[in-house]
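No lab work stands behind these numbers, since they all come straight from the coordinates. Source: prediction; values computed, not measured. A quick note on method: Cβ atoms are made from the backbone with ideal geometry, for glycine too, and the neighbour counts reach across all protein chains shown.
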Amino acid sequence: MGPVKLDQRVEGMSISPTLAARVRSSSLVEEGQRVFRFGLGQSPFPVPEPLVAALRAAAAEKDYQPPGGLHELRRAVADHHRFRHGVAFAAEDIVIGPGSKELIFLLQLCFDGDILLPTPRWVSYVPQARLAGRQVVTLPGGGRDGLTLEPERLAELCQAAPGRRRLLFLNSPCNPTGLASTGEELEALAAVCREYQVVVLSDEIYAELRFSGRHRSLAQLYPEATIVVSGLSKWCGAGGWRLGTMALPHGLRVLRRALEAVASETFSSTSAPIQRAAVTAFKPQGEIEAYLVLVRRILAAALGWAAAELDGVGLEVPQPVAGFYLFPGFAPLRDALARLGIESDIDLSERLLAETSVVTVPGSAFGCDPRALRVRLALVDFDGAHALTGLANGPADLSFLQRYLTPTWNGILALARWSAQLAPTRATP
Ligand SMILES: Cc1ncc(COP(=O)(O)O)c(C=O)c1O
């Protein structure tokens, strides 16, 4: 047999950088090295008990389900959007898939038009566009911290070629920055999208992890063409369950039917027991709400403390409002880093691993300029179940963080120390 030739859409593709970071840290751990695992954005918290019980009870479910998902779950997801976020979707507007990642890919496959991607952006959007054969148009970040989408930028782009079909990706709250669009930004964005008939994919996978508990969706202001994607991975700590949801406005039902058709020809349907258990997650429930209140308090305390620590040694750190991530910029230390031979975020990430044992993901994996020297930190290296128990007995103060989030605490201090010795005029923590 001759050598196998790969299709050009796949050639050169390797494992997604965030998953690769996990593989890398696991192999270092196997070699006996202690590392701080800030690479993969996996929730450290356990799946809430009512969901685990529901999954146990559904274990004998064995039949294929409709490609769009179990009706009861679609109903629960539609109600969730209505009651939690004030956005009206019907059960038939919802599609269930094995992870939101898969649903986003299917959408890129089905939608005929340009994909507009603000920078920074989640790692998988671009490789998926390539697989789907889509044209990507990048919108460089501006606004606050140079990391948010400016509606004027979008308007300029649309004005230049008004007739094109476009799908804009908006990820708010955002991975990697932890920032979320403000009400005013969403209003301005809705106006531009309406004027130029831009369809929006609003990736809201971190919505329930807003520290304030209050989330604003573009779908509230631009309901006719905002598709909302979410899932269980982040707020229910259930990444490995693989359950994602996509809500499409009724006017886009052609797209929704296409998604269901492609689903039926590829994965058939999402796991039946997982779907059955997921109904519990989307129904209003005191126990899950109480779990979320604690999770948000822990994340807010940890990220707030870590951001202040790194800011204190001279890094540029956007203030996160949700999720697990910090996206510090080392540009203020550029000269000192250059003297160490560190010119790009990849050099930086490697040096941080070698000298502080902290695993990071370079900002260029999210579309940033490598010379902007940003890295993403996922502050998830701690035992979430232990932390939840600890918080039940006291406040989320510094001694709580040090005691219950010890690896994360130590990893941030290691980074702060390393940075401080490069900027000797600032205080060493
Ligand atoms: C912004 C964003 N969207 C989508 C996903 C995919 O999540 P899942 O496929 O687990 O639902 C992730 C996971 O990291 C993410 O960070």
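Odds and ends about this structure:
- If the Kirkwood radius is taken over C-alpha pairs of segment 207-250, then at 37 °C and 0.692 mPa s the Stokes-Einstein diffusion coefficient equals 281 µm²/s.
- Segment 307-359: projected area of the alpha-carbon convex hull, averaged over directions, in nm²: 3.9
- Whole-angstrom Cα spans of segment 196-312 along principal axes, big to small: 50, 42, 27
- Distance from the C-alpha centroid of segment 165-197 to that of segment 51-92: 27 Å, rounded to the whole angstrom.
- Reducing segment 214-290 and segment 327-396 to their Cα centroids gives an inter-centroid distance of 30 Å.
- Solvent-free Debye scattering, log10 I(q)/I(0), computed from the Cα coordinates of the chain at q = 0.08, 0.13, 0.14 Å⁻¹: -0.45, -1.21, -1.38
- Summarising the strand pairing of the chain, around 45 percent of its internal DSSP beta bridges are antiparallel.
- Among R376, R256, R403, the largest mean-square fluctuation in a Gaussian network model of the chain (Cα springs under 10 Å) belongs to R403.
- The mean sequence separation of alpha-carbon pairs under 8 Å and at least six residues apart, normalised by the residue count of the chain, gives a relative contact order of 22 percent.
- A cut-off under 11 angstrom between Cβ atoms defines the neighbours of G178, and their net charge, with Lys, Arg +1 and Asp, Glu -1, is +1.
- Loop GluC sites (Glu not before Pro), segment 1-100, which have at most 16 other Cβ atoms in a 10 Å radius of their Cβ (DSSP): E11, E31, E61
- P(r) weight above 15 Å for segment 265-313, C-alpha pairs, percent: 67
- Annotation note: trypsin sites (Lys or Arg not before Pro) in segment 119-210 located in DSSP loop regions with a Cβ neighbour count of at most 15 within 10 Å are R165.
- At the listed q of 0.11, 0.19 Å⁻¹, the Debye profile of segment 64-284, built from one uniform point per Cα, gives log10 I(q)/I(0) equal to -0.49, -1.56.
- Chymotrypsin sites (Phe, Trp or Tyr not before Pro) restricted to DSSP loop in segment 34-130 with at most 10 other C-beta within 10 Å: Y64
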